Amino acid sequence: MIRVFASLALGLIFTCSVSSLPVLTSGSTGTAYAQTQKGKAKAKAKQRSIKAAPKTGPKDPPPRIQRTADDQAAATIAGFPDARVWGDTVEDFKKVLPPASGPWLAMSGGGADGAFAAGVLNGWTQSGKRPEFTVVTGVSIGALLAPYAFLGSKFDEEARQVMTTITSADIFEDRPTHESFLDTWPLRRLIEKRVTPELVAAVAAEHKKGRRLLVVTTNADAGRRVIWDMGAIAQKGDEPAIKLFRNVLLASSAIPGFFEPVLIDVEANGKKFREMHIDGSVTSPFFVAPEALLEPGNTLRLPATDIYIVLNGRLSPDFYPPERKTIAILSRLISVVLRSGLRAEAMLFAANAQRLGVPMYVAQVSDSFNHPAYGLFDEKYMKALYKHGLERTRDGTAFDALGQSAPELRTGNP
């Protein structure tokens with residue numbers, strides 16, 4: 001997620017406050033009375049401290065089970081042997097490739113700017129030129145939209161709703177947990193509402209046809225990118241499959257430090273433990289293929305006829321002086337780092353488009369879009385950005401071809 005961090009610099013200062021301490025009542029002014037009431041006062045104080053305990057902060061989580069790097073390398077999810085692969089090796093990547101060639105779609109992170117991708121999808125449908133994608137990949141907010149893009153135009157209204165009607169209250173509650181500044185139980189509930197058994201079954205049906213839906217998370221324990229084959233998960237069709245499907249989407253959107261990481265049960269070498277997964281943007285602003293695919297001597301050819309990349313945001317830096325507060329500085333730092341990563345990844349694939357031998361096209365928010373955003377997930381801002389993406393794609397001006405030159409690095413302030 002990219003733009004959300006810029007907004008966090010303001011919003012989190014006010015929302016990440018700790019609960020106030022319990023009010024202490026004064027005792028009696030009479031010494032003799034105070035002595036006679038000593039026992040009762042202690043009992044009442046004990047009761048008050050018990051009642052106030054939840055306000056002092058979250059309890060420590062249980063200690064994590066010890067494991068080794070070898071355990072991590074061998075870890076699998078019970079019942080889902082083909083659920084995921086490492087996303088930084090060509091050999092693993094081959095395991096999730098489709099059996100047939102066709103157009104691919106990759107959607108980046110971007111927080112509230114995901115409204116742009118929702119508009120692109122709807123505008124594409126209205127233009128009558130939207131392909132049926134053989135592969136759809138999503139990172140962070142792009143992961144939340146990926147199932148809708150994968151399942152086609154019949155889910156366009158779902159994509160529009162999820163990116164133009166949500167507010168910050170649908171994403172987080174402004175209270176800290178032991179693992180994050182914010183509690184993301186509302187986002188978990190939103191995903192449970194949107195990712196229905198029927199949607200999961202539809203993904204499974206398309207997977208059987210040879211199409212692939214891939215979502216990126218970051219394994220915080222291993223420090224590596226993970227690619228989840230959502231169709232392979234969906235094929236099982238039972239409650240554990242639906243739960244894992246939802247958890248992967250939640251993990252891909254887990255902004256480190258601000259949103260809670262997602263723990264996923266695995267087993268290896270006779271041990272059972274839980275992996276910690278966080279936002280896929282940490283290791284992959286958007287995902288087309290492992291960077292190792294671009295190394296000299298690589299012989300793998302992508303089974304793609306065209307690759308479309310939707311960048312939910314701008315590549316250019318923005319001017320935003322943070323307040324001199326820890327959360328403001330941290331959120332600004334993450335924003336700069338991830339935007340720089342997005343720009344570098346876009347330039348990397350632009351420079352190597354000809355080597356890949358596949359036509360590549362990129363869409364990003366244009367400099368002409370200047371609607372202000374007031375706070376996190378501002379509904380008016382997201383509706384305006386949705387309209388921007390819809391109109392440009394419907395008119396055929398959203399995508400620029402890569403390969404002749406790197407994407408323009410606009411230097412003006414957004």
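The values are calculated or read from the model by the stated rules, or taken from the named source; none is laboratory data. Quantities reported herein were computed from a predicted structural model and do not represent experimental measurements. No Cβ is skipped: glycine too gets one built from the backbone with ideal geometry, and neighbour counts run over all protein chains shown. Remember, those area values only see protein heavy atoms, side chains included, never the ligands or the DNA or RNA. Shrake-Rupley method; radii C 1.70, N 1.55, O 1.52, S 1.80 Å.
Ranked by solvent-accessible area (1.4 Å probe, protein heavy atoms only, all chains present), the residues 309, 334 order from largest to smallest as 334, 309. Estimated from the Cβ-Cβ distance and a Förster radius of 25 angstrom, the FRET efficiency linking residue 165 and residue 370 is about 0.65. Taking amide H positions as modeled 1.01 Å from N, with prolines and chain starts lacking one, the residues under 5 Å from residue 183 and 5 or more places away or on another chain are 173, 175. The aspartates and glutamates within cross-link reach of residue 272, meaning a Cα-to-Cα straight distance under 17 Å and a gap of 8 or more places when in the same chain, are 70, 71, 221. Surface composition of segment 174-326: carbon and sulfur atoms hold 51% of the protein heavy-atom accessible area at a 1.4 Å probe. Full extension of the segment from residue 397 to residue 64, taken as 0.36 nm per residue of separation minus the current Cα-Cα distance, would add 114.8 nm.
Backbone phi angles across segment 259-265, fed through the Karplus curve with coefficients 6.51, -1.76 and 1.60 (θ = phi - 60°), yield HN-Hα couplings of 10, 5, x, 10, 9, 10, 6 Hz in residue order; Gly and Pro are listed as x.
Spin-label pair residue 340-residue 89: with each label point 7 Å from Cα along the Cα-Cβ axis, the two points sit 3.0 nm from one another. Computed from label points 7 Å out along Cα-Cβ, the spacing between residue 224 and residue 178 is 2.8 nm. Starting from the Cα gyration tensor of segment 214-272, take the square roots of the eigenvalues, sort them a ≥ b ≥ c, and report rounded, prolate or oblate (rounded when a/c is under 1.5, otherwise prolate if a/b is larger than b/c, else oblate). Because a/c hits 1.5 or more and a/b fails to exceed b/c, segment 214-272 counts as oblate. In terms of the Cα gyration tensor, with a ≥ b ≥ c the square roots of its eigenvalues, is segment 71-202 rounded because a/c is under 1.5, prolate because a/b exceeds b/c, or oblate? Taking the square roots of the gyration eigenvalues as a ≥ b ≥ c, segment 71-202 is oblate.
Ordered by 1.4 Å accessible area with all protein chains kept, 167, 217 run largest first as 167, 217. Sort segment 188-231 into rounded, prolate or oblate with this rule: let a ≥ b ≥ c be the square roots of the eigenvalues of the Cα gyration tensor; rounded if a/c is under 1.5, and if a/c is not under 1.5, prolate when a/b is larger than b/c, oblate otherwise. Since a/c reaches 1.5 but b/c is at least a/b, the shape of segment 188-231 is classed as oblate.
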